[in-house]
1. Could you tell me which of Ile63, Ile50, Ser38 has its Cα farthest along the dipole of segment 21-68 towards the positive end, charges placed at Cβ (Lys, Arg +1; Asp, Glu -1), taken about the Cα centre?
2. What does the convex hull of the alpha-carbon atoms of the chain project to on average, in nm²?
3. Over the chain, with a Gaussian network built from C-alpha contacts below 10 Å, which listed residue (Arg65, Arg31, Arg18) shows the highest mean-square fluctuation?
4. Equivalent ellipsoid semi-axes for segment 8-52, as square roots of 5 times the alpha carbon gyration tensor eigenvalues: give them largest first, rounded to whole Å.
5. Would you work out the charge dipole size for the chain about its Cα centre, treating the Cβ of every Lys and Arg as +1 and the Cβ of every Asp and Glu as -1, and quote it to the nearest 20 debye?
6. What FRET efficiency comes out for Arg34 versus Val10 if R0 is 22 angstrom and r is the Cβ-Cβ distance? Round to the nearest 0.05.
7. Order of Arg56, Arg67 from fewest to most other C-beta atoms within 10 Å?
8. Can you figure out the FRET efficiency of Ala27 with Arg57, using R₀ = 30 Å and their beta-carbon distance, to the nearest 0.05?
Amino acid sequence: MVTRSACVSVNMPSLQIRDIPEDVYDALAERASRQRRSLAQQAVADLSQIPELESRRTRQAVIERLRASAPVLPKKALDPVRIVREDRSR
């Protein structure tokens with residue numbers, strides 16, 4: 001049996017923050033410790049909870065669900081040809 005491993009390289013943006021107030025750093029370190037995460041992992045977890053990002057994810061999920069679902073037509077779909085003919089006969 002031959003096994004192959006693929007090395008996938010993903011270029012993700014990075015962020016370096018300087019001059020963090022000590023109380024902010026301490027709070028982040030405490031949260032990271034409680035969650036058993038590194039400071040960087042905790043910062044990413046906290047930043048991913050930004051309300052604007054959450055609402056964008058929610059909207060994106062709804063859009064994906066709508067695209068995946070079959071279009072729902074009304075039970076009595078309107079026939080445009082019939083409507084135009086009726087209008088012309090008035």
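Every number here is computed from the coordinates shown, using simple stated rules; none is lab data. Note that the structure is a prediction, hence the values are computed from the model and not measured. In this analysis, Cβ positions are derived from the backbone assuming ideal geometry, glycine residues included, and neighbour counts consider all displayed protein chains.
1. Most positive-ward Cα: Ile63.
2. Working: hull surface 64.5 nm².
Value for the chain: 16.1 nm².
3. Evaluated over the chain, the most mobile residue of the options is Arg18.
4. 20, 13, 12
5. Values: 17 positive and 12 negative charges, 204 e Å.
The calculated dipole for the chain is roughly 980 debye.
6. Details: r = 28 Å, r/R0 = 1.28.
About 0.20, to the nearest 0.05.
7. Working: Arg56 11, Arg67 7.
Neighbour counts put them in this order, fewest first: Arg67, Arg56.
8. According to the calculation, E is roughly 0.75.
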